[in-house]
1. Counting other Cβ atoms within 10 Å, which trypsin sites (Lys or Arg not before Pro) in the range A:315-365 have at most 16 and lie in a DSSP loop?
2. Which value, in debye to the nearest 20, gives the size of the charge dipole of the range A:124-225 about its Cα centre, when Lys and Arg are +1 and Asp and Glu are -1 at the Cβ?
3. Please turn the phi angles of the range A:102-117 into ³J(HN,Hα) values with the Karplus equation 6.51 cos²θ - 1.76 cosθ + 1.60 (θ = phi - 60°), one per residue in order, whole Hz, x for glycine and proline.
4. For the range A:208-279 and the range A:292-317, write down the distance between their C-alpha centroids in whole Å.
5. For a quick check: sort A:Glu361, A:Glu234 by the number of other beta carbons within 10 angstrom, fewest at the front.
6. Stretched out fully, how many nm does the piece from A:Phe81 to A:Ile197 gain, at 0.36 nm a residue minus the Cα gap?
7. Positive end of the charge dipole of the range A:79-216 (Lys, Arg +1 and Asp, Glu -1 on Cβ, about the Cα centre): tell me which of A:Gly165, A:Leu132, A:Phe187 has its Cα farthest that way.
8. Name the residues whose placed amide hydrogens come within less than 5 Å of the amide hydrogen of B:Val102, ignoring near sequence neighbours (fewer than 5 apart) on the same chain.
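Nothing in this text is a laboratory measurement; each read-out follows from the coordinates by a stated rule. These numbers were taken from a predicted model, which means no experiment stands behind them. Virtual Cβ from ideal backbone geometry, glycine too; neighbours counted across all protein chains shown.
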Amino acid sequence: MIKLFKTVWNWLDDRLGISVLLSPMKHIAPQDSKWWYVFGSATLVAFIVQVASGVALAFSYISSSSQAYETLVFITNNAPFGRFLRGLHYYGASAMVLMIGAHMAQTFLFGAYKFPREMTWTTGILLLAFTLGMGFTGQLLRWDSTAAWSVVVAAEQAGRIPIIGDWVARFILGGNTIGGATLSRFFAIHVFVLPGIMFAFIGLHVWLVLRHGISEPPVAGKPVDPATYRAEYEELLKKSGKPFWPDLAWRDVIVVTALIIAIAVAAFFIGPPALDRPPDPSILAADPRPDWYLLWYFALLALIPAKIEGYVMIGFPVLIGLLLLFVPIWNHKGERAASRRPWAIAVVCLSVIMIGGLWWEGQQSPWSPNFEAQPLSEKVVGATSGPVFKGGQLFHDKGCLNCHLIQGFGGRRGPDLTYIADKLTRDNLVIRIVNGGTNIQFFSSDSGKGGHVGSGGQLSWVFAFLKSITTDTNISTCTVDWNSSTPVATNHCVVSSISKSGGTLTFTRHDDRLPLAFDFQQHFFGFFHRSANAQANCVRIIGRCADRSVAESGGQMLGLNDSGFTNDDCPLNGVAQLAHVARPRIVVELVEHSLAHGGDFAAVLGAHLRQQELH
Amino acid sequence: MDTNLTESSSAPLTETPEEISRRRFFEKLSIALVGLCTAIVGVPLVGFIVAPFFRKVPEKWVTLGKPDDFQIGKTVAVTVTDPSSLPWAGVTAKSGVWLRRVSEDSFIAFSANCTHLGCPVRWLEGADLFMCPCHGGVYYSDGNVAAGPPPKPLFRYDVRVVNGEVQMKQAIVPISTTL
């Protein structure tokens, strides 16, 4: 049996030349080529995974603009192993990008691009470009809303190319707009054109690796001299070279196995990227974003000044591409060791930091408005009627909240306005709102362009709302003798002056920003009279808190002691404790909490709201 | 065997001037024929692929609705179906435009594409603003840029009211071609 098998094998090998075909696997390589040299093999295997999974997906995928989405839904939800295969294809692409990046960084740091391997590097750079092209076109084949709009974004970017921009854009769209011709051309590019080119270039790349040999690990102080390098390399191989298979390849096999397991695990447990809504361009609530490997570029375009954006959009990829392609032309000899090329380490580190940082920013996308911003809660606004309340409502309704944060709620497109009242005077705030400023729209009531904060009343409401939220670090408590004809704060207090007129107590904040006045007698005494507690004749004022934790600690103090309204440490009998924390939401929260026991929520809440109205 | 073939083909030949001339002739003939074959296959192939460059789309007016369908001062999204779409375009034949009724007989149809990078802008009713989700471009209700990176106002389509219908000239994706 074995003899028969050998006979058949020998016949086939003789006729097909299988051994000859596989003989390059046994090429002699430097024996020190160890773990650093596995990334090329890993990239190749990731590509093979892509080809295999892509072919399998093509069995069910229909590259028609009208049907592709449905076939993807079918593949994901119904086809056996469909979800896994989609995941395999996605994470395979991710792995390929990562491995090609690692391979490139290792080659660069080891100076392996130098003589005589310049063209090995160059073909590798082209393969990187093709890989990214595959990644982008592959995302578009995920023919959902994000993909369809990404085509438009790609066309818009291409439109910036001088002279031929409009033609290229129309070519990408497959016409004047997205339609029946759009998807099929990306399918052809992704499935036939780019893979065909990649097969050719991978073949060329591997051929060049065989032709020039795997570079030996660099040795500091041993520069590349084109005149002598080849002879030295041959000598090295004769002296200590090992056949790649199997002496050196086992490391590659281990890493490749780990890579495939990682891809499969991610595909199985995490699954493929979720499909967005159907690719209907009339659905305008779309938020197109590239996959992670191009997200950094998306972020770059968002962060650079608008004036140079067009140039960067076109020029940056071209510049980077040319730099990478020509690196070995102007730096083809000399030291290879990274320890003698600190700039090489710096380039790699800065590239990683830049791409990583931009990717992170792209993930956060702080430049994008938050369309999901909900109206601010009562807790945040701190009032349920009055100017502050109306201002809080307007802040949402007029779109301010889409771009600005208030206490962590809203968007991050513009500055956090939580404490804007601490930074700008009323006049400056009004000027900013009415006239606009750098990168903000104006809200002039007579602009006639929309977006306005209609009447002056609306403006004052927004102002009152913003003014009600400040950082006052004077966390303080003062006690005021209500029975005194001239109330005076007994200790350091947020109020600078207190006056009493009939049943109304008016205090002015020390910084003259938030004068307060309310009918103390009517509301507070009414409440306390009805409660089981003694009559209040003292008001305790707690200064606003700079942060929530401090404010809440005050709240806990009150909350734990609902009798604190009467049994406070006020030296007088019957102490009313008004927690006017300058952040009104805390007040409402505390009062509400206390009143759960006090029994008359409405009365005190009314007092508080009255206070707001009197701002 | 391969080696022998290579050696024989690269071995110096003793040729008469006639043979050289004949060889050069066949060499040039072969190259010309290869070029011809490439052109026969390649020209239609390239033409087919780049046809969208030259595809003339007739300007057609599409109906958006009746004037009474739209309130004065309001901006609404209107779905338009491309009358020139390919039969297999499916939902991609649709597109969205923002239609604003300015007065009794005045309408503005804005392209939904942000002039920055083409993302779909959204209308915020209360704010009277268009906002772009991609890079935060903001436009006023008249389409002018209010904030962010957009280089130009929102593109406006031609709109007319004919026979009791609000019509818009066929939607194309406006491409910003300026750096």
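1. Details: sites: A:Lys333, A:Arg336, A:Arg340; in loops: A:Lys333, A:Arg336.
Answer in residue order: A:Lys333.
2. Details: 6 positive and 5 negative charges, 22 e Å.
So the dipole magnitude of the range A:124-225 works out to roughly 100 debye.
3. The phi angles translate into 5, 4, 5, 5, 5, 4, 5, 5, 7, x, 6, 7, 6, 2, x, 9 Hz.
4. Here the answer is 32 Å between Cα centres.
5. Numbers: A:Glu361 18, A:Glu234 13.
Going from least to most buried by this count: A:Glu234, A:Glu361.
6. Details: separation 116, 0.36 × 116 = 41.76 nm, distance 2.92 nm.
Using 0.36 nm per residue and subtracting the Cα-Cα distance, I get 38.8 nm.
7. Farthest towards the positive pole: A:Phe187.
8. Hits under the 5 Å cutoff: B:Gly73, B:Phe107, B:Ile108.
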